[in-house]
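Chemist: Dropping a structure here in structure tokens format, bear with me for questions.
All of the numbers you see were taken from the coordinates with simple rules; none came from a lab. Bear in mind that the values here come from a model prediction, so they are computed numbers and not experimental data. Reconstructed Cβ throughout: ideal geometry from the backbone, glycine too, with neighbour counts over all protein chains shown.
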Amino acid sequence: MAIAREGWPFVGTLLGLAAIALWLRLPWAAAALAVLGLFTVFFFRDPERLVPTGSSLVISPADGKVVKVAVAPEGNPLGAGALQVSIFLSIFDVHVNRAPIAGVVERVDYHKGEFLPAFDDKASLRNEQNSVVLKAGETRVAFKQIAGLIARRIVFRKRPGDVVAAGERVGLIKFGSRVDVLLPEKTRLTVRLGDRVRGGSSVLAELP
């Protein structure tokens, strides 16, 4: 099973400590560390996904549960009338993030913040987050990688000016988090509150 490269230091440390504990004849400590190491492998898994084709499709950037579908708050990068779809990632979901559309990375803005539970709607405004705006022609789609209660590290591998494909891996959030997707006005949503989605394969919406 492939895992994200950011996970290898955690996996190596835990399995190395398990080996040391076994050498010291501490079998229960070795077993506990080995289990944690295997769970970390599971957490950082990076499965292949079949990305739907279609220039108007908005692909889910993350695995998880849709916890909000609403008009985006004022001050968002897409302006008045934009829509917001929020996805909550539990520690059991794949945490690799993907580009929701094909286009050019127009902006990347990182903000320090708090670490409220990611399912709390206040997390969208107050938590540590990384905001990304993608541009395809005259269309813009934005998404936020938002840290959760446990997550303290957001990874984004692209820079302004980089070209990305729809469904391409662009980063991850470590250990529980949330992703908000901001869509232009008049976008037709294809998901509802409570739906489960998969990053890189589920369609969130169709652009106008």
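Chemist: Using a Gaussian network model of the chain whose springs link C-alpha atoms within less than 10 Å, name the residue from THR53, THR13, THR139 with the highest mean-square fluctuation.
Modeler: THR13
Chemist: Divide by every residue of the chain the summed helix terms, -39500 (n - 2.57) for each DSSP H run of at least 4, and state the resulting mean residue ellipticity at 222 nm, rounded to the nearest 500 deg cm²/dmol. All intermediate terms of the calculation are to be shown ahead of the outcome.
Modeler: Values: 3 runs with 37 residues, N = 208.
So the calculated ellipticity at 222 nm is -5500 deg cm²/dmol.
Chemist: For the chain, set up a GNM with springs between Cα atoms under 10 Å and report which of ARG25, ARG169, ARG153 has the largest fluctuation.
Modeler: For the chain, modelled as a Gaussian network with Cα springs under 10 Å, the answer is ARG25.
Chemist: Angle check, please: helix 8-23 long axis (alpha carbons) against the longest principal axis of the chain (alpha carbons), in degrees 0 to 90, nearest 10.
Modeler: 10
Chemist: A further question follows. Taking neighbour Cβ counts within 10 Å as the exposure measure, how do ASP180, ASP195 sort from fewest upward? Write out the running numbers ahead of the final one.
Modeler: Numbers: ASP180 26, ASP195 17.
Sorted ascending by nearby Cβ count, the order is ASP195, ASP180.
Chemist: Starting from the amide H of ASP162, placed 1.01 Å from N in the peptide plane, find each other amide H under 5 Å away whose residue is 5 or more places distant or on another chain.
Modeler: For ASP162, the qualifying residues are VAL105.
Chemist: Could I ask something else about it? Please give every one of the lysines within straight-line cross-link reach of LYS68, meaning a C-alpha to C-alpha distance under 25 Å, and leave out same-chain neighbours fewer than 8 residues apart.
Modeler: Within the straight-line limit of under 25 Å, LYS68 reaches these lysines: LYS112, LYS122, LYS135, LYS144, LYS174, LYS186.
Chemist: At q = 0.12, 0.14, 0.15, 0.20 Å⁻¹, work out log10 I(q)/I(0) for the range 57-206 with the Debye formula, treating every Cα as an identical point scatterer and leaving solvent out; two decimals please.
Modeler: Debye output, listed in q order: -0.40, -0.56, -0.65, -1.26.
Chemist: Going by alpha carbons, how many degrees (0 to 90, nearest 10) lie between the helix axis of 27-43 and the longest principal axis of the chain?
Modeler: 20
Chemist: I would also like to ask the following. For ARG153 and LEU189, calculate 0.36 nm times their separation in residues minus their Cα-Cα distance, and state this gained length in nm to one decimal. Walk me through the numbers on the way to the answer.
Modeler: On the way: separation 36, 0.36 × 36 = 12.96 nm, distance 3.00 nm.
Value of the extension gain: 10.0 nm.
Chemist: Would you look at the GNM of the chain, springs on alpha carbons closer than 10 Å, and say which of VAL163, VAL105, VAL132 moves the most?
Modeler: VAL163
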